Amino acid sequence: MFDLGGVLIDWNPRYLYRKLFDGDDAAMERFLAEVTTPEWNGEQDAGRTWAEAVDVLTRQHPEHATLIAAYAIRWPETLGEAIHSTVDVLDDLRRTGVRLFALSNWSAETFPIARPRYPFLEWFEGIVISGEVRMAKPDARVYRHMFERYSLDPATAVFIDDSEANVNAARELGMIAIRFDGADALRRALAGLGLLDGSDGSVS
């Protein structure tokens, strides 16, 4: 069970805002830390609409109205490439015949924009998007939703995420959880579980 952003897909609002701040990285970082914060963006992952999100933040920071609106209007520009080294690990797992799933904190409005850009998403038997079910990691309910929807036994499910909080929540529910720290480390961890050959990436 894979997370998407930061694990398989390179997503970063800086790809957009570096253009808008014209190279002033310090000002950009202040804006991202104090205005369009991760917590604000997380509300969209939990189901809030982008229209409401922009309206709420614009009323709080009217001086940044144009920059705030750009987050939604130009959201596709926050997408980077697939993280190919991790996609290779996913492909190797796919060739073993193991069931593959994705559980991602993502807005229900923007995931359909991203999905066609990454053909490997079709390899998953099922994908749960937090914004669609209005529950976001590390809320235990979204993991339980995944278990029930796809008849998964948490004791035999391997969860991969770059967020420590999400990994800890998965462990508390009895899952085998791996904190993502690069494709090589992931391959070694999966090899330790007997799922892959960690030496060359081939199927064990």
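May I ask you to list the residues of region 142-165 whose amide nitrogen lies under 15 Å from a point 7 Å from Cα along the Cα→beta-carbon direction of I176? Only 153-161 fall inside the zone, counting backbone N under 15 Å. Projecting the Cα atoms of L57, T36, H84 onto the dipole axis of region 18-116, where Lys and Arg carry +1 and Asp and Glu carry -1 at the beta carbon, places H84 farthest toward the positive end.
Using the average count of surrounding beta-carbon atoms within 10 Å as a protection proxy, the listed peptides 125-133, 89-97 rank, highest first, as 125-133, 89-97.
If you look at the Cα atoms of region 114-203, you get an Rg and a Dmax of 14.0, 40 Å. Taking only protein heavy atoms and a 1.4 Å probe, the accessible area of region 17-70 is 52% carbon and sulfur.
If the chain linking T96 and D10 were pulled fully straight, counting 0.36 nm for each residue of separation and taking away their Cα-Cα distance, it would gain 28.4 nm. For the pair region 82-110 and region 2-55, the centres of their Cα atoms are 22 angstrom apart. Helix 183-192 versus the longest principal axis of the chain: what is the Cα-based angle in degrees, 0 to 90, to the nearest 10? Helix 183-192 sits roughly 30 degrees off the main axis of the chain. Among the listed values [x] 51, 47, 31; [y] 46, 36, 32; [z] 56, 34, 28, the one computed from these coordinates for Cα extents along the principal axes in Å is [z].
With runs of 4+ DSSP H residues as the only contributors, calculate the mean residue ellipticity of the chain at 222 nm using -39,500 (n - 2.57) per run, divided by the residue total and rounded to the nearest 500. Present the calculation step by step, with values, prior to reporting the outcome.
Details: 11 runs with 96 residues, N = 204.
Computed mean residue ellipticity for the chain: -13000 deg cm²/dmol.
The peptide list 181-188, 164-171, put in order of mean Cβ contacts within 10 Å with the highest first, becomes 164-171, 181-188. Rolling a 1.4 Å probe over the heavy atoms of the protein chains gives the chain an accessible area of 48 Å² per residue. Label-to-label distance, R188 versus H145, with points set 7 angstrom from Cα along the beta-carbon direction: 3.5 nm.
The values are calculated or read from the model by the stated rules, or taken from the named source; none is laboratory data. This one's a predicted model, so the numbers in the text were calculated from it and none came from an experiment. Neighbour counts run over all protein chains shown; Cβ positions are idealised from the backbone, glycine included. Accessible surface areas use protein heavy atoms only, side chains included; no ligands, DNA or RNA. Shrake-Rupley method; radii C 1.70, N 1.55, O 1.52, S 1.80 Å.
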